[in-house]
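I have placed the structure first, in the form of structure tokens, so that the comments after it can refer back to it.
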Amino acid sequence: MARVPVQFTLNGQERAEFVESGVTLLHALRDTMGDTSPKGGCQQGACGACSVIVDGELRLSCLTLAETCEGASIETAAGLASEGVLHPLQRAIVDGFAAQCGFCTPGMIMAAKTLLDHTPNPTREDVIEAISGNICRCTGYEPIIQAVLKAARSNSQKAG
Amino acid sequence: MELRKDYFSDERNDDLNEIGHSRTRSDTPGHVTGRTAYFADRTFPGLLHLKMMRSPHHHANIRSIDVSEAEKHPGVIRVLTAKDVPHNLYTILILIQVGPEDETVLADKKVSWKGEAVVAVLATSERAAQEGAAKVKVEYEVLPAVFDMEEALKPDAPLVNEHHPGNFYLYDSGDHRKVRFGDVEAGFAMADHILEQTYNSSPIEQAPLETTGCIVTPDGNDRFTCYTDTQAMFFTLDNASIILQMPGHKLHMVGGTVGGGFGGKVDVIVEPIAILAAKLTGRPVSFIYSREEEMQISSPRAAERIVIRDGVMNDGRLVARKVTGYTDAGAYSRHSPYGAQKGAAHYPGPYTVENVWIDTYCVYTNRTPSSAMRGFGVTIADFALEVQMDKLARLIGMDPLEFRFINAYRDGDMKAHRQPTEGAALIECMQEASRVADWPVADRFYEMSSRSREA
Amino acid sequence: MSLAVQTYSSVRDASDALKPDGICYLGGGTLVVRAVNEGDVSITGYVRSTAPTLQTIDITEGRATIGASVTMAAVLGNAGLAGLHPVAKAVGGPTVRNMATVGGNLFAPAPYGDFTVGLLALEATVHGADGESPIEDFLAGRDDRRKRGIVTAVSLDVPSAGVLRFLKVSRVKPRGVSVVTIAAALALDDANKVKSARIALGCMADRPIRAQAAEQALIGCKLEKDDIRNAVAVIGEGTNPITDPVASAWYRSEVLPVHFSRLLLG
């Protein structure tokens with residue numbers, strides 16, 4: 001089988017691996033790079049569980065080919081906590097019971113992080129729009145929306 | 001959150017230290033950091049991927065199966081058909097003596113629903129398995145199909161499943177479950193009004209975000225480890241043991257965090273065939289449903305048809321309730337005979353009615369086999385019952401909540417299936433709901449108690 | 001079997017590389033990679049192009065040219081295309097909009113392809129490696145990939161804000177798959193009567209189509225309930241709606257006039 005080299009930064013670390021030609025970023029991350037935080041919920045771009053940030057933009061890793069990410073900077077939920085301290089979004093989701101089965105959580109967090117990176121003080125409508133491509137079958141969304149708003153507030157307090 | 005300790009306060013010591021306080025769930029730190037391990041979060045060298053070739057027809061005889069091209073396809077390691085399965089005919093609840101065995105692991109003579117598994121293809125990549133599956137040739141003789149439960153019960157309907165003549169599940173009570181209490185016809189005779197309504201529901205897919213699947217590794221000594229997202233570990237172990245004709249101690253089932261199930265992962269579908277594949281190839285095997293398979297192949301909540309006929313007095317008393325319920329099992333039993341039976345016991349609802357008559361049928365059609373989903377057998381029943389309660393209240397010009405207070409069951413009331421009511425709390429729930437929702441009712445309803453009837 | 005990815009800097013080379021059977025152009029991946037993931041074994045390889053022109057939005061003298069690789073998010077980020085923002089925002093969720101391209105949307109089968117519904121109402125031109133064609137001709141022949149090279153851009157007169165009335169009906173809020181999508185580009189005369197109308201529908205066939213009977217019936221009408229009655233009555237003429245898990249053909253036919261009427265009167 002044809003294997004091709006890919007090189008990119010994953011959560012701040014330089015990674016260079018050989019992957020199967022045509023493989024999705026989701027499979028490359030999970031099967032080759034050892035980062036199983038992005039989840040394959042549908043492989044059709046409908047559920048958002050595989051969402052990762054590529055060069056600052058939220059992407060569906062299940063529909064992105066690894067080869068197209070050459071040289072990119074990729075962030076996943078696995079790289080969000082620093083030195084054991086949870087990111088404010090992670091903290092707010094834990095505190096607010098905004099995860100149940102947890103399968104949507106890594107993708108949901110990356111969608112929310114993209115929002116907060118661009119819009120530090122989002123409205124409720126901004127939050128709903130930002131996570132509108134991410135499906136959660138357990139929580140009914142409200143705890144997630146509240147957690148994202150709470151994380152935004154704790155962020156701005158820290159900045160102030 | 002407000003904790004109302006004044007209800008039933010004499011039934012416990014008020015020394016609850018945890019209720020009413022938030023405690024971090026032990027699993028959420030793993031969820032938010034992506035460290036929680038789901039069954040698919042592991043890879044094994046030499047892993048094979050299993051793809052299922054499925055019936056494109058709702059109902060057909062299988063004339064021939066030709067896997068020769070598929071076997072030759074690059075990357076394909078092995079192709080499995082019915083003859084490879086040691087005990088190909090099974091039913092999940094045989095474990096608790098609810099038979100007959102009525103479903104094939106891989107179809108041999110006939111397919112009875114669109115999507116039924118026929119041939120399993122194992123290959124070194126998902127893609128090769130898909131390509132191999134596309135090369136399997138099956139010749140079918142298409143048969144007439146039936147999709148409506150009442151049509152299926154007619155004498156000249158196509159026979160869906162040879163193990164269920166007449167297209168109904170044969171209980172020890174006959175072609176349906178029965179509950180008889182009081183004299184329902186006498187109840188209708190005395191009623192001021194009679195209301196008969198029919199309620200229909202469609203199948204509902206649980207749609208967990210993580211699809212059904214498992215990964216099996218051969219461990220040597222004819223032992224196998226199966227990492228699975230089943231909700232029913234022991235059903236899976238015991239059914240795999242029966243299907244594979246292997247003692248249970250050879251099978252090591254490993255569960256863990258499940259990415260949502262909602263009843264959709266209670267059946268035993270992927271594990272036995274994946275274990276068999278690992279056994280016959282000597283390699284690790286992954287069988288994970290695609291999203292399309294999860295939506296179309298995994299068992300949904302059953303479709304139901306519920307006919308409710310009620311007799312009610314002008315003063316609000318329900319005096320007769322007759323229910324005929326139909327549960328659409330699809331082509332095979334799975335958990336539906338149990339669901340239909342649960343409905344029979346549930347139907348009078350949380351109300352005390354003196355004259356009750358219940359018939360529930362478990363019916364076979366050429367639809368996707370249905371099974372468990374959150375309160376199956378009672379959820380749709382409750383929907384129908386509560387819509388019916390609103391309609392009855394409207395019919396006699398009564399407030400719908402007051403109407404429910406009048407008929408609510410109390411401790412000590414005999415239920416229709418002859419279990420005395422204990423621990424009822426409907427009255428108190430409605431009292432609190434009335435306050436919280438700002439839907440006031442007459443004072444006398446706030447004086448009521450589930451523990452006793454007022455004089 | 002792995003699927004080779006061929007990357008070309010030139011549009012012409014990419015176009016030529018598409019000739020063999022089974023080779024598909026890879027835009028944002030939301031259609032092609034999805035199909036491969038779902039087990040479409042007829043796709044045997046990907047071709048893509050990194051040509052800068054494919055990524056460019058050019059607005060000159062009121063005419064916009066949008067490169068085929070421009071994403072919905074990029075359309076939304078361009079103030080000059082404000083008239084198209086409601087259309088671009090109707091596509092997917094934010095993640096899909098970061099990936100889905102204008103070129104890809106032209107090929108999206110119903111119930112997808114909302115952006116193309118807007119382009120059809122706005123009388124866009126589709127530019128390809130082998131020439132250009134009006135969007136209607138392009139849509140009619142889009143399945144015949146042998147006849148044409150890759151799509152490079154779409155061009156259209158920049159609509160001023162409010163010219164295009166656009167409605168995507170979904171059952172899931174805020175973002176869901178389309179039940180029916182309607183785009184109406186209307187020009188009114190001094191007496192507030194319709195002097196020209198182009199109406200496009202999504203989900204009312206396997207690809208976006210025009211509602212020509214309704215367009216004609218609208219001419220000379222004020223956008224008032226009694227005036228538009230005839231146009232509403234014929235909005236379904238010539239349609240052949242899809243049936244999918246979101247809605248049946250019957251349901252789509254039933255609700256189309258209701259939503260069309262609301263779009264005109266709203």
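We did not get these values from a lab; they are worked out from the coordinates using the rules stated. Computed from a predicted structure; not experimentally measured. All Cβ positions, glycine included, derive from the backbone under ideal geometry; neighbour counts span all protein chains shown.
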(request) Kindly write out, for the stretch B:375-383 in residue order, the coupling ³J(HN,Hα) from the Karplus curve 6.51 cos²θ - 1.76 cosθ + 1.60 (θ = phi - 60°), rounded to whole Hz, with x marking Gly and Pro. (result) x, 4, x, 10, 5, 5, 4, 5, 4
(request) Pull up all non-local amide H partners of A:Ala81: gap of 5 or more, or a different chain, and H-to-H distance under 5 Å with H placed in the peptide plane. (result) A:His87
(message) If amide hydrogens are placed 1.01 Å from N in the peptide plane, which non-local residues have theirs closer than 5 Å to the one on C:Leu188?
(response) C:Lys195
(request) Determine, for A:Arg153, B:Arg410, B:Arg305, the number of other Cβ atoms within 10 Å of each Cβ, and report the residues in order from fewest to most. (result) A:Arg153, B:Arg410, B:Arg305
(message) Suppose each label sits 7 Å from its Cα in the direction of the beta carbon; what would the B:Glu422-B:Asp108 distance come out to in nanometres?
(response) 4.9
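Only Cα pairs under 8 Å and at least 6 apart count here; give the relative contact order of the stretch B:74-216 as a rounded whole percent. Please report the intermediate quantities before stating the final value.
Numbers: 120 pairs, mean separation 23.5, N = 143.
RCO, the stretch B:74-216: 16 percent.
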(message) Would the stretch B:1-157 count as rounded, prolate or oblate if I go by the C-alpha gyration tensor, calling it rounded below 1.5 in a/c and otherwise prolate when a/b exceeds b/c, oblate otherwise?
(response) oblate
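Within 10 Å, count the other beta carbons around each residue, average over each peptide in B:349-360, C:73-84, B:90-101, and list them highest first. Mind showing how you got there, number by number?
Values: B:349-360: 22.6, C:73-84: 18.0, B:90-101: 15.7.
Per-residue Cβ counts within 10 Å, averaged per peptide and sorted highest first, yield B:349-360, C:73-84, B:90-101.
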(request) Report ³J(HN,Hα) in whole Hz for each residue of the stretch B:414-421, in order, from the Karplus equation J = 6.51 cos²θ - 1.76 cosθ + 1.60 where θ = phi - 60°; Gly and Pro get x. (result) 7, 7, 4, 8, 6, 10, x, 6
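In the stretch B:413-455, which GluC sites (Glu not before Pro) are in a loop and have at most 11 other Cβ atoms within 10 Å, using DSSP for the loop call?
Numbers: sites: B:Glu422, B:Glu428, B:Glu432, B:Glu447, B:Glu454; in loops: B:Glu422, B:Glu447, B:Glu454.
Of the GluC sites (Glu not before Pro), the ones in loops of the stretch B:413-455 whose Cβ has at most 11 other Cβ atoms within 10 Å are B:Glu422, B:Glu447, B:Glu454.
When A:Cys104, B:Cys214 are ordered from fewest to most other Cβ atoms inside 10 Å of their Cβ, what list results? List each step's numbers first, then the result.
Numbers: A:Cys104 30, B:Cys214 26.
Sorted ascending by nearby Cβ count, the order is B:Cys214, A:Cys104.
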(message) If amide hydrogens are placed 1.01 Å from N in the peptide plane, which non-local residues have theirs closer than 5 Å to the one on B:Val119?
(response) B:Met53
(message) Suppose R0 equals 41 Å. What FRET efficiency, 1/(1 + (r/R0)^6) with r the Cβ-Cβ distance, do B:Glu2 and C:Tyr251 give to the nearest 0.05?
(response) 0.45
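The stretch B:82-179: which trypsin sites (Lys or Arg not before Pro) are DSSP loop and have at most 12 other beta-carbon atoms within 10 angstrom? Can you show the working numbers first?
On the way: sites: B:Lys83, B:Lys109, B:Lys110, B:Lys114, B:Arg127, B:Lys135, B:Lys137, B:Arg177, B:Lys178; in loops: B:Lys109, B:Lys114, B:Lys135.
Filter output for the stretch B:82-179: B:Lys109.
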(message) Quick check for chain C: number of Lys pairs with alpha-carbon distance under 16 Å, counting only pairs 8 or more apart or on different chains?
(response) 6
(request) Relative to the longest principal axis of the C-alpha atoms of chain B, give the angle of the C-alpha long axis of helix B:270-281, reported between 0 and 90° and rounded to the nearest 10°. (result) 10
(message) Let's test the formula: R0 of 35 Å, r as the Cβ-Cβ distance of A:Ala2 and C:Glu38. What FRET efficiency results, to the nearest 0.05?
(response) 0.95
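What FRET efficiency do you get for B:Glu196 and B:Phe147 if R0 is 25 Å and r is their Cβ-Cβ distance, rounded to the nearest 0.05? Walk me through the numbers on the way to the answer.
On the way: r = 25 Å, r/R0 = 0.99.
Plugging the Cβ-Cβ distance into 1/(1 + (r/R0)^6) gives 0.50.
Looking only at other chains, what is the average number of their beta-carbon atoms within 10 angstrom of each beta-carbon in A:59-66?
Numbers: counts 6, 11, 1, 4, 13, 6, 9, 1.
Going residue by residue through A:59-66 and averaging, the value is 6.
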(message) What is the ratio of the Cα radius of gyration of the stretch B:333-455 to 2.2 N^0.38 Å, with N the residue count, to two decimals?
(response) 1.22
(message) Given all pairs of different Cα atoms, what value in angstroms does the Kirkwood hydrodynamic radius of chain B take?
(response) 24.8
(message) Return the equivalent ellipsoid semi-axes of the stretch C:27-75 as a descending list in whole Å, where each equals the square root of 5 times an eigenvalue of the C-alpha gyration tensor.
(response) 29, 11, 7
(message) Give me the one-decimal nm value for the distance between modelled label points at C:Asp227 and C:Asp130, 7 Å along each residue's Cα-to-Cβ direction.
(response) 4.6
(request) Check the straight Cα-Cα distances from B:Lys415 and name the lysines below 18 Å, setting aside those fewer than 8 residues away within the same chain. (result) B:Lys178, B:Lys322, B:Lys342
(message) With an 8 Å Cα cut-off and a minimum separation of 6 or more residues, compute the relative contact order for the stretch A:3-79 in percent.
(response) 38
(request) On a C-alpha basis, how far is the centre of the stretch B:383-455 from the centre of the stretch B:161-214 in Å? Whole number, if you could? (result) 24
(message) I'd like the Karplus ³J(HN,Hα) series for the stretch B:183-191: coefficients 6.51, -1.76, 1.60, θ = phi - 60°, whole numbers in Hz, and an x wherever there's a Gly or Pro.
(response) 10, 5, 5, 4, x, 4, 5, 8, 5
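Among C:Glu224, C:Glu38, rank each residue by its count of other Cβ atoms within 10 Å, from fewest to most, as a rough exposure measure. Present the calculation step by step, with values, prior to reporting the outcome.
Numbers: C:Glu224 11, C:Glu38 14.
Ranking C:Glu224, C:Glu38 by Cβ neighbours within 10 Å, fewest first, gives C:Glu224, C:Glu38.
Can you tell me how much longer the chain between B:Asn17 and B:Ala437 gets when fully stretched, taken as 0.36 nm per residue apart minus their C-alpha distance, in nm with one decimal? The partial results should precede the final answer.
Values: separation 420, 0.36 × 420 = 151.20 nm, distance 2.85 nm.
Computed gain between B:Asn17 and B:Ala437 is 148.4 nm.
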(message) Loop-only trypsin sites (Lys or Arg not before Pro) in the stretch C:146-255, please: DSSP not H, G, I, E or B, and at most 10 other Cβ atoms within 10 Å.
(response) C:Arg171
(request) From other protein chains only, count the Cβ atoms within 10 Å of every residue's Cβ in C:36-44, then give the mean. (result) 6
(message) How shielded is C:168-174 by partner chains, expressed as the average number of their Cβ atoms within 10 Å of its Cβ atoms?
(response) 1
(request) Hey, for a label at C:Asp21 modelled as a point 7 Å past Cα toward Cβ, could you say which residues of the stretch C:143-184 have their backbone N under 16 Å away? (result) C:144-147
(request) Divide by every residue of the protein assembly as shown the summed helix terms, -39500 (n - 2.57) for each DSSP H run of at least 4, and state the resulting mean residue ellipticity at 222 nm, rounded to the nearest 500 deg cm²/dmol. (result) -7500 deg cm²/dmol
(request) Kindly express, to the nearest 10 degrees and within the range 0 to 90, the angle between helix B:233-244's C-alpha long axis and the longest C-alpha principal axis of chain B. (result) 40
(message) What lysines does B:Lys51 reach when the alpha-carbon gap must be under 21 Å and sequence neighbours fewer than 8 apart in one chain are set aside?
(response) A:Lys39, B:Lys72, B:Lys83, B:Lys109, B:Lys110, B:Lys114, B:Lys135, B:Lys137, B:Lys265, B:Lys279
